[in-house]
Amino acid sequence: MNTQLKDGGSALSKTLKQNLPLLLMFAPVAAYFLIFKYAPMVGLVIAFKQYGLADGIWGSPWTGLDNFNLLFSNPQMVNIIRNTLVLSLLKIIVGFPFPIMLALLLNEVKALWFKRVTQTLVYMPHFLNWVIIGGMVITLFSLESGMINQVLEQLVGYRYAFLYNEWSWISVFLGSGIWKEAGFSAIIYLAAITAIDPGLYESAALDGASKWRMMWHITLPGIRPTVIILLILSMESVMDLGFDQIYMLQNRVVNNIADVIPTYMYRMGIQGGQFSLTTAMGLFSSLVGLILIVTSNQIAKKFNQSLW
């Protein structure tokens, strides 16, 4: 027994020494998640208390599920949750395929200089803050001074309130999100495409397959595991949606469709000081996101493409 323990200890020590550089590189990542992701979870207890700044987290009185009852008895909550789900699902259904299509198109470009210029142009919006992107979108689609409305007035003789009509606002919301993130997200799919065996394309070319046939029967099946993994991970953000984009583009005229969980939490929590109520809302959103991830992973597992 002692010999086995010594052998096991020496093997563990040897493994640690061999992987020490990797462990040192991973340490900042682990520290980030521990400090900024896991440690704040202690604050979730605020959802079950009547939190006051003077009393602190542990000194505030316990209220049980009262915050959740108050939250879901609010008649506006059904509309807010509906808006969040509708916009999130539209964002996935409409926006998710765009990086895949962009990666497929960039992969077929043979002129290296053109490919590099195009990649730079489509990646660039990702590195701009939503304050900048939102300002650009408003400048383009503004009713009075928007560039698009000025051109529209010259062509057809009237202006259209893109940002003040619910359906056109949804289109602007989805389009701006795709424009900002599609290029950067395509990097992952381009990396997955490079892992496909080139011999498959050569065999298909000898059989007379067209480029479309190759993409449909070789490229898409080759990146399918990556597509499924990213689709599962995207389920986590269904209830989150993203505060910055919504906040920059929303206005009172379209609040019936643009008022979502993140903006509600900002309005009630940061501006209204109702920290317990918004913590309860955040906990509910996180639980829904967890359920969606687990459910989508179980569905993917039936096709042998699960995340875990």
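Rule-based calculations on the coordinates, nothing more; no lab input. These figures come from a predicted structure and were not determined experimentally. Methodologically, a virtual Cβ is constructed for each residue, glycine included, from the backbone with ideal geometry; neighbour enumeration extends over all protein chains shown.
Modelled label positions at Leu190 and Val131, each set 7 Å beyond Cα in the direction of Cβ, lie 2.9 nm from each other. Taking label positions 7 Å along the Cα-Cβ direction at both Val253 and Lys115, the computed distance is 4.5 nm, reported to one decimal.
Can you tell me the order of 242-254, 59-71 when each peptide is scored by its average per-residue count of other Cβ atoms within 10 angstrom, highest first?
Working: 242-254: 16.5, 59-71: 14.3.
Packing proxy ranking, top to bottom: 242-254, 59-71.
You can think of it this way: the chain between Asn69 and Gln50 has 5.5 nm of extra reach, that is 0.36 nm per residue less the Cα-Cα gap. What is the sum of charges, Lys and Arg at +1 and Asp and Glu at -1, for the other residues whose Cβ falls under 15 Å from the Cβ of Pro61? My count for the surroundings of Pro61 gives -1. Below 8 Å, C-alpha to C-alpha, sequence gap of six or more: please give me the relative contact order for the range 75-301 in percent. The value is 28 percent.
In the range 143-236, the ratio of gyration radius to Kirkwood radius, Rg to Rh, stands at 1.22 when only Cα atoms are counted.
How long is the gain from Asp197 to Ala39 if the chain were fully straight, where each residue apart is worth 0.36 nm and the alpha carbon distance is subtracted?
Values: separation 158, 0.36 × 158 = 56.88 nm, distance 4.38 nm.
Here the answer is 52.5 nm.
Roughly how large, in nm² to one decimal, is the mean projection of the convex hull of the alpha-carbon atoms in the range 44-144? Please report the intermediate quantities before stating the final value.
Numbers: hull surface 48.9 nm².
If I average the Cα hull's projected area over directions, I get 12.2 nm².
Close amide H contacts of Lys49 (hydrogens built in the peptide plane, cut-off under 5 Å, sequence separation of 5 or more or a different chain): Thr63.
Computed over the alpha-carbon atoms, the range 1-95 gives an Rg to Rh ratio of 1.27, Rh here being the Kirkwood radius from the mean inverse distance. In straight-distance terms, cross-link reach from Lys115 covers every one of the lysines whose alpha-carbon lies under 25 Å from its own, apart from those fewer than eight places away in the same chain; here that gives Lys180, Lys211.
Helical runs assigned H by DSSP (4 residues or longer) give the chain a calculated mean residue ellipticity at 222 nm of -21000 deg cm²/dmol, each run adding -39500 (n - 2.57) before division by the residue total.
In order along the range 77-82, the Karplus-derived 3J(HN,Hα) couplings, from 6.51 cos²θ - 1.76 cosθ + 1.60 at θ = phi - 60°, round to 5, 4, 5, 5, 5, 4 Hz, and Gly and Pro are given as x. For the pair the range 36-112 and the range 276-308, the centres of their Cα atoms are 11 angstrom apart. Bridging of Lys302 to lysines at a Cα separation below 26 Å is possible for Lys91, once same-chain residues fewer than 8 apart are set aside.
Each 10 Å bin from 0 upward holds the following percent of the Cα-Cα pairs of the chain: 5, 17, 24, 24, 17, 9, 3, 1, 0, 0. Couplings 3J(HN,Hα) of the range 212-224, computed from phi: 5, 5, 5, 5, 6, 9, 10, 5, 4, x, x, 9, 4 Hz, in residue order, whole Hz [Karplus 6.51 cos²θ - 1.76 cosθ + 1.60, θ = phi - 60°; x for Gly and Pro].
Remark: the range 257-274, residue by residue, has Karplus-estimated 3J(HN,Hα) of 10, 9, 7, 10, 4, x, 6, 5, 5, 5, 5, 7, x, 6, 7, x, x, 8 Hz, where x stands for each Gly or Pro and the curve is 6.51 cos²θ - 1.76 cosθ + 1.60 at θ = phi - 60°.
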